[in-house]
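As structure tokens, the structure follows; a few thoughts come after it.
The values are calculated or read from the model by the stated rules, or taken from the named source; none is laboratory data. This is a predicted model, so every value here is computed, not measured. As a convention, Cβ positions derive from the backbone with ideal geometry for all residues, glycine included, and neighbour counts pool all protein chains shown. For the accessible areas, the whole protein counts, side chains as well, though only heavy atoms, and no ligand, DNA or RNA atoms are used. Shrake-Rupley method; radii C 1.70, N 1.55, O 1.52, S 1.80 Å.
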Amino acid sequence: MHAPMAPTGSTDILAIANAPVLWLCVAGVFGVIVVQSLIFLRAVRRAAPSVQMTPADIRTSFRSGAVSAIGPSLAVALVAIALLALFGAPAVLSRIGLIGSAAYDVSAAGIAAGTLGAKLGDESYTQSVFAVAFFAMSIGGAMWMIATLILTPLLRRGDAKIRAINPAAMAIVPAAALIGAFACLGFTELPKSGTHVVTCAVSAAVMALSLLLAKTLGKSWLREWGLGISIVTALGAALLTSGS
Amino acid sequence: MTATSTAPAATDQAMAEFDRTTSRWGRATMIAGLLVSIAGPLYLVFAGGLDIAPAQLWIAFAAVAATFGIIWIVEPLTYYPILGPAAMYQAFMIGNISNKLLPAALIAQTNIGAKPGTRRGQLASVVAICGAAAVHLASLALFVGLLGSWLISVIPPAAMNVTRLYVLPAVLGAVLVQAIVSMKQPRTTVIALAVAAAVVFLVLPAVPGLAMVSTAIAVLGTVLLAWFFRSRQPASKARPAQPVHLE
């Protein structure tokens, strides 16, 4: 595809990715989550005595949640750092760190760039392409929240129509959609260059090894860290292969 | 403890009050989070002086929707029975549900001896998710916001370039393996790999104009074929739906 966007051809992504407005929005998302947590904690404290939940139980629950989140949070931070060069800190913090996930947001950005005939990271990845990719992944990410906002009240009422969805369809359709999407996106990377092939293969192999070791040795932290370890190892391989 | 003598009616009333508060404020905070999260890209696109045509935005969004539209709806459906209504509004804003929030909730329930699905278990998971969110926000601000920004400033430009160029295959290789392993559906996996390979290596070289919609074609093709060739074992033996691990 050769249809690069001519007018704003600057590839200095980080110049616009670090715009103060974007940092303000990140602070806003952080703020909303803090406010929500405080409101929910207060609601729990009010309801707790009626179900024999003591203040000590609440403290224990909070501490358990916090401690068990340390590992996964650091693993997410590692993945996020690897994506800083591509999206800049504000987009990474609000999209990959919160709300979305690396798998979805990177895929969405790649798909969006593709519709402009551009590729993430190379000379066709201009400021305009970044803005369109950021737009597409954010609006796409918002669709999860819209679905949650619509479906949660329906499910609370025990809507029979939703419960009647065929369980086989619920198992097969999403799995097929996800594996089909990631397989297609992954294969699309391969014809780009030999280094792309090596990077993708190393990443897949390291993930397979991490999951295998996690299962055979019973080390579940390997499952959490698998994505971060795979990305860093694959980038190391890319650095060696591309010879720069 | 005085609460042990409380009549069931008082329990119901207190929990109804909890449901009301968390539904109302859960919705309000989630809408606020949604608006703030799209404000940044909207500003860049419309006020960033980048000369972007609206058609480009909608085409990009349509391509993303064609790929992930099914997941947007299925994921909230599969998590609802595990999370309950209150935690839904937390989980889909904080993200990383399967790898962080669910384990946090389960450990908290175990530690205070509450069973999942009970009211006590529901309250424990809401509190645990608050704890997980606190740690997550702190770690992101510290390691990505501060340390990451510093790293970007000291990393040699050559390494930056390599990262930018190859981070997409570095993410996708691992994500594909993870999706295949966690879904545990060999038949669907084979179909997905075959369809994707056919689209990328046969259809695209022949019709390059389809590059824009290649992922959508692969998704649609895989879903149709996987459904058509699904194993028709008795319902009792069929595996229950696995939660989809994307958020």
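Determine whether B:GLY84 is assigned to a helix (DSSP H, G or I), more than 7 Å from chain A (Cβ to nearest Cβ) and either farther than 30 Å from A:PRO55 by Cα or open to solvent by less than 20 Å² (accessible area, probe 1.4 Å) (or both).
Working: assigned to a helix (DSSP H, G or I): yes; more than 7 Å from chain A (Cβ to nearest Cβ): yes; either farther than 30 Å from A:PRO55 by Cα or open to solvent by less than 20 Å² (accessible area, probe 1.4 Å) (or both): yes.
Here the answer is yes, as B:GLY84 does meet what is asked.
Which ones in segment B:19-53 are under 12 Å from A:SER128 (Cβ atoms) and facing chain A (nearest Cβ under 7 Å)? Hits for segment B:19-53 are B:LEU44, B:VAL45, B:GLY48, B:LEU50, B:ASP51, B:ILE52. Selection within segment A:77-93: residues that are open to solvent by 10 Å² or more (accessible area, probe 1.4 Å) and within 14 Å of B:LEU142 (Cα to Cα). The member of this set that is modelled with the highest pLDDT is A:ILE81. Does segment A:225-235 contain any residue that is open to solvent by 10 Å² or more (accessible area, probe 1.4 Å) and in contact with an Asp or Glu (Cβ under 7 Å, 6 or more places away or on another chain)? Scanning segment A:225-235 turns up no residue that is open to solvent by 10 Å² or more (accessible area, probe 1.4 Å) and in contact with an Asp or Glu (Cβ under 7 Å, 6 or more places away or on another chain). Filtered by the rule that a residue be facing another protein chain (nearest Cβ under 7 Å) and of a type in the set (Ser, Thr, Tyr), segment B:175-200 gives B:THR188, B:THR189.
Residue selection: A:THR199 satisfies the criterion of being closer than 30 Å to A:THR241 by Cβ and either among the aromatic types (Phe, Trp, Tyr) or surrounded by 24 or more Cβ atoms within 10 Å (Cβ to Cβ) (or both). When A:SER138, A:SER94 are checked against the criterion of being among the hydroxyl-bearing types (Ser, Thr, Tyr), facing chain B (nearest Cβ under 7 Å) and within 20 Å of A:ALA69 (Cβ to Cβ), A:SER94 stands alone in meeting it.
With respect to the stated conditions, B:ALA66 is in contact (Cβ under 8 Å) with a residue 40 or more places away in the chain, more than 7 Å from chain A (Cβ to nearest Cβ) and open to solvent by 10 Å² or more (accessible area, probe 1.4 Å). Scanning segment A:161-183 for residues that are open to solvent by 30 Å² or more (accessible area, probe 1.4 Å) and at pLDDT 80 or above yields one hit, A:VAL173. Screening segment A:116-160 for residues that are hydroxyl-bearing (Ser, Thr, Tyr) and assigned to a helix (DSSP H, G or I) and picking the one that is surrounded by the fewest Cβ atoms within 10 Å (Cβ to Cβ) gives A:THR152.
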